[in-house]
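Q: I'd like to ask you about the structure that follows.
Where a number appears in this text, it was derived from the coordinates with a stated rule and is not lab data. What you see is a predicted model, and the numbers here were worked out from it, not measured in a lab. Don't worry about glycine lacking a Cβ; one is built from the backbone with ideal geometry, like all the others, and counts go over all protein chains shown.
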């Protein structure tokens with residue numbers, strides 16, 4: 001994804017007379033909203049990570065995500081010992097022909113902006129008006145969602161500040177489709193839909209590196225280094241999902 005504006009759903013953001021969803025980092029502040037002059041929000045005023053401006057990945061791109069969900073809720077600190085496990089390994093070639101690799105290093109036991117569920121959550125609803133994750137995407141059922149630290153290399157090089165990055169991944173029902181209504185945000189698609197456009201029969205894998213680094217507390221407004229934009233946001237459409245149940249006692 002490239003930066004671009006995003007439609008503002010009434011279910012998540014209310015109206016001009018009754019605005020909702022302005023929480024720090026996950027919401028949209030009032031100064032970043034455009035309205036239609038009739039009391040309805042239309043789009044963000046500023047570019048976002050949740051745009052409809054996209055370009056296809058190279059066919060060699062791949063991502064492997066392996067998790068164990070053992071910690072039900074956040075722990076006390078960002079350095080607490082979580083029982084959750086996350087392994088993310090992603091490789092792709094960017095539009096400049098560079099080889100990009102993203103690798104998780106450890107799960108995050110506590111969320112700074114909302115609940116991280118110890119680093120992994122399975123079979124849960126996120127985004128939209130839930131208050132769990134950013135409010136710009138539609139409310140969607142997630143088979144898996146993770147929050148971890150990660151490092152990003154470009155042509156094998158780890159640039160300064162590209163370690164200890166916040167990495168969010170999730171396997172969801174389908175929220176992007178060429179047939180969704182682009183709304184006033186426009187773009188070239190596939191378009192991120194509204195709550196009522198979520199495809200319950202589809203699977204998507206989302207990988208997001210927002211401009212946040214942990215050193216060891218979260219530092220927002222810390223762009224990913226070496227990219228023309230401050231974030232990395234990828235979506236995989238060909239997803240295979242498998243798993244086994246957890247035997248034993250859930251520990252916290």
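Q: When 104, 22 are ordered from fewest to most other Cβ atoms inside 10 Å of their Cβ, what list results?
A: 22, 104
Q: Take the alpha carbon gyration tensor of the chain, find the square roots of its eigenvalues, order them as a ≥ b ≥ c, and report rounded if a/c is under 1.5; if not, report prolate when a/b exceeds b/c, else oblate. Walk me through the numbers before you get to the answer.
A: On the way: a/c = 1.45, a/b = 1.26, b/c = 1.15.
Rounded shape, in that the Cα axes give a/c under 1.5.
Q: Once you order the gyration tensor axes a ≥ b ≥ c over the Cα atoms, which shape class does segment 124-252 get: rounded for a/c under 1.5, otherwise prolate or oblate by comparing a/b with b/c?
A: Taking the square roots of the gyration eigenvalues as a ≥ b ≥ c, segment 124-252 is oblate.
Q: So what is the relative contact order for the chain, in percent, with contacts set as C-alpha pairs under 8 Å and at least six apart?
A: After rounding, I find 17 percent.
Q: Order these by the 10 Å Cβ neighbour count, fewest first: 2, 31.
A: 31, 2
Q: What is the packing order of peptides 11-20, 91-100, 191-200, taking the mean over residues of other C-beta atoms within 10 Å and listing the highest first?
A: The peptides rank, most packed first, as 191-200, 11-20, 91-100.
Q: Quick one: grab the alpha carbon gyration tensor of segment 1-109, order the square roots of its eigenvalues as a ≥ b ≥ c, and give me rounded if a/c is under 1.5, else prolate or oblate depending on whether a/b is larger than b/c.
A: Note, shape of segment 1-109 comes out oblate.
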